[in-house]
Amino acid sequence: MGDNVVYKILKDHLVEGELIPGSEIGIRIDQTLTQDATGTMAYLQFEAMDIPRVRTEVSVSYVDHNTLQTGFENPDDHRYLQTMNSNYGIHYSRAGNGICHQVHLERFGRPGATLLGSDSHTPTGGGIGMIAIGAGGLDVAVAMGGGPFFLACPRVVNVRLAGRLRPWASAKDVILQVLSILTTRGNVGTMIEYTGPGVATLTVPERATITNMGAELGVTTSVFPSDDSTRGFLRAQGREEVWREVLPDPGAGYERTIEIDLAKIEPMIACPHSPDNIRKISELKGMKIDQVAIGSCTNSSYRDLAVVAAILKGRTVHPDLSLVIAPGSRQVFEMIARDGSLADMIAAGARIMESACGFCIGAGQAPQTGGVSLRTNNRNFEGRSGTGSAQVYLVSPESAALSALAGELVDPLDMKADVYPAVAGPTSFIIDDSMIIAPSGKTTPIFRGPNIGDPPYTGPLADAIRGVVQLKLGDKITTDHIMPAGARLIYRSNIPKYAEYVFENVDPAFPARALEAKARGRYTAILGGHSYGQGSSREHAAICPMYLGVRIVMAKSFERIHAANLVNFGVLPLVFANENDYELIEQGQEFEATGLLSLIAGEGRLGIRIGGKELEFELQATRRQREILVEGGLLNYTRSRMQ
Ligand code: MIC
Ligand code: SF4
């Protein structure tokens with residue numbers, strides 16, 4: 001049987017293990033990316049490894065999340081990143097240059113390569129035919145040091161595309177359709193590969209919209225082949241020399257195939273509060289809307305914004321509604337400025353934001369109380385917009401722009417096909433890398449503002465741990481629930497301070513309870529349902545609880561990145577051997593785990609006494625991860641091996 005694209009690239013990069021689905025493999029990482037909100041911690045950890053220079057083909061540090069400078073914290077972090085990056089051989093993409101995934105696709109992505117990024121939407125790079133994976137900052141730090149990245153060898157699901165999108169249907173509608181089929185649950189250990197004749201009809205930015213939001217499926221990554229269209233995109237970016245063809249072999253095998261006819265795709269909408277709560281727009285049209293926000297790493301390419309501008313041209317946003325637009329990169333921003341699209345947006349009453357994550361991460365543009373916000377980004381978790389009571393819906397740029405004019409949800413298919421403002425991919429983009437600072441090779445003093453703390457350490461695991469189940473939670477607890485972003489983002493480099501906000505919107509008294517127990521020498525356990533830790537790659541959702549004394553998280557199932565982050569910081573991710581046992585545990589009950597060290601070293605189940613009952617769990621960790629847990633985390637583990 002021939003190889004699919006996923007296995008071709010994995011084969012080229014395999015350094016440990018065998019390509020047997022489900023088994024652990026280690027792969028060589030060619031490129032890394034970080035963003036400022038996860039990057040400061042990743043680089044502090046890299047510094048702690050005592051490696052003089054990164055050992056990757058290219059490592060890029062982007063500033064795109066924390067660009068609102070409402071105090072000294074964010075600018076201090078930016079200066080730390082710039083000075084640190086210059087010393088260690090890392091490219092620094094300045095604030096204003098754009099969102100990491102969009103810029104990386106434009107300026108660094110390379111077909112056939114591997115990319116590891118400390119952001120869950122790193123799979124955006126799959127649009128250009130690379131295996132691009134999101135991970136915690138510490139995993140990225142290890143990869144920058146030349147260490148392999150370990151993952152479960154994936155099962156590969158084939159999404160076979162036929163036909164061509166109709167006018168007014170969009171790449172966003174394709175991924176929303178895929179989400180309605182696969183949902184956000186049960187896809188751990190899977191990669192998605194797009195194949196079929198429909199692929200050729202999609203440009204690289206459209207493909208990137210699809211692989212970007214693949215993150216919401218909980219898959220490890222998604223990938224498109226690298227074909228002529230990829231070559232054309234790279235040529236237009238002045239980088240044709242990095243192109244290579246990466247196609248599946250004839251007869252390549254897949255675990256499962258899902259057929260999608262692009263010609264039948266209808267405009268879709270993800271309803272509150274989950275990206276897989278999908279309906280057809282036609283079912284909800286007419287819904288009154290208070291805010292429209294266009295941008296984010298999912299939908300802010302040149303094509304997306306040029307289409308939006310053409311829809312807005314000569315008209316005015318509805319008086320009851322606020323329209324916000326944030327271009328994905330400085331390249332996109334400059335292009336829409338020079339071709340007049342920007343003027344059309346401004347004239348229509350759009351509020352133009354800088355090229356950054358902004359509204360997507362709740363950094364500004366919070367909707368009104370109970371407001372309905374229609375957005376083009378990828379996540380609509382409760383409270384993420386900054387307004388707890390807001391109802392956030394996710395749609396394509398086309399649907400967003402039309403609705404901004406009408407003040408209510410519009411079904412784009414109600415528009416005439418011949419007025420669709422189709423925008424061809426430009427044959428040349430404006431290329432100006434002056435906002436990306438290449439490493440100087442000289443040593444400069446590293447700037448450390450008062451907001452920057454040392455990365456916290458945990459000690460080796462004790463053989464017996466005792467404590468209290470301090471929190472019982474339901475299904476789909478996201479990292480936004482665990483560690484809110486938005487206004488709290490400024491504390492990303494200051495763990496003791498950020499830890500005060502763990503579960504802020506779920507149970508604000510939790511940090512105090514956990515700290516009080518810690519002071520008495522007691523650990524904290526958290527109890528969750530299905531898909532615990534879905535969403536962001538932020539390792540702060542592991543570090544800050546660990547800092548508060550959390551040593552165990554019990555859940556019905558975990559998301560991949562978060563489970564790995566827990567292990568990296570010495571916290572045990574435990575899955576119920578019998579799911580119904582969840583009902584037997586109450587918040588406030590005492591727990592006791594003994595003989596942990598030998599249990600962790602073995603393959604068997606782990607018995608824990610909770611509330612007087614002995615319950616069984618599977619430790620969600622590979623052999624290597626068990627060693628990491630025993631040593632109290634990946635930093636200890638890596639350092640002890642390097643010495
Ligand atoms: C997100 O979209 O949730 C973020 C903010 O980009 C995160 C990273 C972070 O929390 O810093 C992600 O997706 O990994
Ligand atoms: Fe930024 Fe939003 Fe993309 Fe995360 S999902 S990288 S916050 S634009």
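Please treat every number below as a calculation from the coordinates, not as lab data. Note that the coordinates shown come from a computational prediction; the quantities given were computed from them, not determined experimentally. No Cβ is skipped: glycine too gets one built from the backbone with ideal geometry, and neighbour counts run over all protein chains shown.
For segment 381-392, a residue qualifies if it is surrounded by fewer than 23 Cβ atoms within 10 Å (Cβ to Cβ) and away from ligand 1 (no atom under 11 Å from the Cβ), and the qualifying residues are GLU382, GLY383, GLY386, THR387, GLY388, SER389, GLN391. Looking only at residues in segment 402-416 that are of a type in the set (D, E, K, R) and part of a loop (DSSP other than H, G, I, E, B), the one that is farthest from LEU321 (Cα to Cα) is LYS416. Note on segment 62-115: residues that are among the polar types (S, T, N, Q) and surrounded by 24 or more Cβ atoms within 10 Å (Cβ to Cβ) amount to 7.
Of the residues SER322, SER355, SER282, SER274, the single one that is small (Gly, Ala, Ser) and closer than 25 Å to ASP433 by Cα is SER355.
What are the residues in segment 338-363 that are more than 12 Å from ligand 2 (Cβ to nearest atom) and touching a residue at least 60 places away in the same chain (Cβ under 8 Å), if any? Matches in segment 338-363: ARG338, GLU354. Among the residues of segment 118-139, not a single one is on the phi > 0 side of the Ramachandran plot and within 16 Å of ligand 2 (Cβ to nearest atom). Just one residue in the set SER170, SER118 is under 29 Å from ASN277 (Cα atoms) and either within 15 Å of ligand 1 (Cβ to nearest atom) or aromatic (Phe, Trp, Tyr) (or both); that residue is SER118.
Kindly check whether there is at least one residue in segment 50-59 that is polar (S, T, N, Q), away from ligand 1 (no atom under 15 Å from the Cβ) and surrounded by fewer than 24 Cβ atoms within 10 Å (Cβ to Cβ). Yes: segment 50-59 contains one or more residues that are polar (S, T, N, Q), away from ligand 1 (no atom under 15 Å from the Cβ) and surrounded by fewer than 24 Cβ atoms within 10 Å (Cβ to Cβ).
Tallying residues that are among the small types (Gly, Ala, Ser), touching a residue at least 60 places away in the same chain (Cβ under 8 Å) and under 30 Å from THR184 (Cβ atoms) within segment 426-478 yields 0.
When we screen THR209, THR190 for residues that are within 18 Å of the chain's Cα centre (by Cα) and within 24 Å of CYS271 (Cβ to Cβ), the only hit is THR209. Out of segment 220-229, which residues are part of a loop (DSSP other than H, G, I, E, B) and more than 11 Å from the chain's Cα centre (by Cα)? Answer for segment 220-229, where residues must be part of a loop (DSSP other than H, G, I, E, B) and more than 11 Å from the chain's Cα centre (by Cα): PHE224, PRO225, ASP227.
Condition check for GLY328 on (1) within 16 Å of ligand 2 (Cβ to nearest atom); (2) out of contact with any Cys (no Cβ under 8 Å at 6 or more places or on another chain); (3) closer than 22 Å to PHE429 by Cα: one failure, at (2). Taking (1) out of contact with any strand residue (DSSP E or B) (no Cβ under 9 Å at 6 or more places or on another chain); (2) more than 16 Å from ligand 2 (Cβ to nearest atom); (3) touching a residue at least 40 places away in the same chain (Cβ under 8 Å); (4) over 30 Å from ILE20 (Cα atoms) in turn, GLY251 satisfies each apart from (4). In segment 236-248, of all residues being in a helix (DSSP H, G or I) and in contact (Cβ under 8 Å) with a residue 60 or more places away in the chain, the one that is surrounded by the fewest Cβ atoms within 10 Å (Cβ to Cβ) corresponds to VAL242. Just wondering, is there one or more residues in segment 578-587 that are in contact with a helix residue (DSSP H, G or I) (Cβ under 7 Å, 6 or more places away or on another chain) and either away from ligand 2 (no atom under 16 Å from the Cβ) or in a loop (DSSP other than H, G, I, E, B) (or both)? Checked segment 578-587: no residue is in contact with a helix residue (DSSP H, G or I) (Cβ under 7 Å, 6 or more places away or on another chain) and either away from ligand 2 (no atom under 16 Å from the Cβ) or in a loop (DSSP other than H, G, I, E, B) (or both). Where helices (runs of 4 or more DSSP H) sit wholly within segment 445-564, those with at least 2 residues that are within 16 Å of ligand 2 (Cβ to nearest atom), within 24 Å of ASN378 (Cα to Cα) and out of contact with any Leu (no Cβ under 8 Å at 6 or more places or on another chain) occupy 479-482, 540-548.
For segment 7-37, filtering for residues that are away from ligand 2 (no atom under 16 Å from the Cβ), of a type outside the set (Val, Ile, Thr), under 30 Å from VAL103 (Cα atoms) and surrounded by 14 or more Cβ atoms within 10 Å (Cβ to Cβ) leaves 10.
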